[in-house]
Amino acid sequence: AAELFATTGKAEYKQAVQQSPLYLAAPKGDRSASGDLYWQDLSSAGTITLAMVPNKLGKQEVEKARAAIIAAADGYQKSVATEGYLIPYQATEYPWGSNSNLMNRSIFLGLAHDFTGERKYLQAMSDAMDYVLGRNPLDQSYVSGYGSRPLKNPHHRFWAHPIDPASPLVPPGVLSGGPNSINFSDPVASTLKGKCTGQTCWKDEIGAWTLNEVTVNWNAPFFWTVSVLDEGGLTR
């Protein structure tokens with residue numbers, strides 16, 4: 001509804017947006033990870049549209065949307081100081097695709113930097129990127145082609161060179177899902193169960209789909225974050 005309203009300006013979509021129980025929804029930004037943007041909860045994506053894309057919602061409501069995003073980013077940014085590897089993510093357990101949580105949170109940090117001009121948000125994004133590029137307990141870059149120990153063997157049906165020499169190698173710039181200390185359902189991860197904790201539950205093997213999978217919804221926010229950091233912030 002938010003996308004349709006921003007695109008068309010039609011009153012029927014505005015009504016649908018404002019009557020939704022998810023109107024101006026945003027993550028809480030705390031340890032609970034409640035409301036975090038991910039594939040099962042896109043409610044805050046509508047808020048981002050209303051905050052970023054010119055629309056007929058009204059200046060006051062747009063400011064409310066931006067304030068909600070900044071509040072979420074504040075929670076994410078503050079958690080950096082409490083984490084040993086300086087990441088905007090407080091967690092005792094790391095879920096399937098944990099690296100995507102850092103990248104999705106980076107979207108809010110990047111937007112908060114754009115809205116306020118405060119560099120602390122950009123620094124928190126950079127800290128998240130440092131983690132996925134190797135500043136982590138495994139000294140492992142979860143990105144192919146980058147870092148001193150880059151990702152080489154993601155779980156992928158096309159970049160399957162490790163088990164099929166006729167298939168291509170993974171190209172540079174692909175993000176792995178990363179540590180998963182909750183689900184050990186693949187043959188590789190099962191060997192780690194009870195022997196790893198948190199950020200250390202990971203292996204660079206093609207058969208480790210719970211640890212080393214590649215998905216478009218994880219790589220999209222990764223590319224978004226890389227682009228913003230490359231430019232030193234969003235360009236309006």
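Can you spot a residue in region 135-150 that is assigned to a loop (DSSP other than H, G, I, E, B), at pLDDT 95 or above and of a type in the set (A, V, I, L, M)? Yes, that holds for at least one residue. Is it the case that some residue within region 93-106 is closer than 21 Å to Leu22 by Cβ, over 13 Å from the mean Cα position of the chain (by Cα) and open to solvent by less than 30 Å² (accessible area, probe 1.4 Å)? Checked against the condition, which is being closer than 21 Å to Leu22 by Cβ, over 13 Å from the mean Cα position of the chain (by Cα) and open to solvent by less than 30 Å² (accessible area, probe 1.4 Å), region 93-106 yields no hits at all. Within region 87-96, is there a residue that is in contact with a helix residue (DSSP H, G or I) (Cβ under 9 Å, 6 or more places away or on another chain), part of a loop (DSSP other than H, G, I, E, B) and at positive phi? The answer is no; no qualifying residue exists. When Glu12, Glu3 are checked against the criterion of being free of Cβ contacts under 8 Å to residues at least 12 places away in the same chain and either under 13 Å from the mean Cα position of the chain (by Cα) or open to solvent by 80 Å² or more (accessible area, probe 1.4 Å) (or both), Glu12 stands alone in meeting it. Here Ser141 clears all of (1) under 18 Å from Phe223 (Cα atoms); (2) open to solvent by 10 Å² or more (accessible area, probe 1.4 Å); (3) of a type in the set (S, T, N, Q); (4) free of Cβ contacts under 8 Å to residues at least 12 places away in the same chain except the condition numbered (2).
Of all the numbered requirements in (1) in contact (Cβ under 8 Å) with a residue 24 or more places away in the chain; (2) among the polar types (S, T, N, Q); (3) more than 30 Å from Phe184 (Cα to Cα), Ser98 misses one, and that requirement is (3).
Restricting attention to region 37-95, the residues that are under 30 Å from Trp202 (Cβ atoms) and not charged (D, E, K, R) total 29. Scanning region 202-232 for residues being more than 19 Å from Asp130 (Cβ to Cβ), in a helix (DSSP H, G or I) and not hydrophobic (A, V, I, L, M, F, W, C) gives a total of 3.
Could you list all residues from region 146-187 that are of a type in the set (Val, Ile, Thr) and in contact with a strand residue (DSSP E or B) (Cβ under 9 Å, 6 or more places away or on another chain)?
Just the residues of region 146-187 that are of a type in the set (Val, Ile, Thr), to begin with: 163, 170, 174, 182.
Correct list: Val170, Val174.
Of all the residues in region 179-227, those that are open to solvent by less than 40 Å² (accessible area, probe 1.4 Å), hydrophobic (A, V, I, L, M, F, W, C) and out of contact with any Ser or Thr (no Cβ under 7 Å at 6 or more places or on another chain) number 7.
The values are calculated or read from the model by the stated rules, or taken from the named source; none is laboratory data. This structure is a prediction, so every number in the text was calculated from the model and none was measured. Please note: Cβ atoms are built from the backbone with ideal geometry, for glycine as well, and neighbour counts cover all protein chains shown. Protein only, heavy atoms only, side chains kept; ligands, DNA and RNA dropped before computing areas. Shrake-Rupley method; radii C 1.70, N 1.55, O 1.52, S 1.80 Å.
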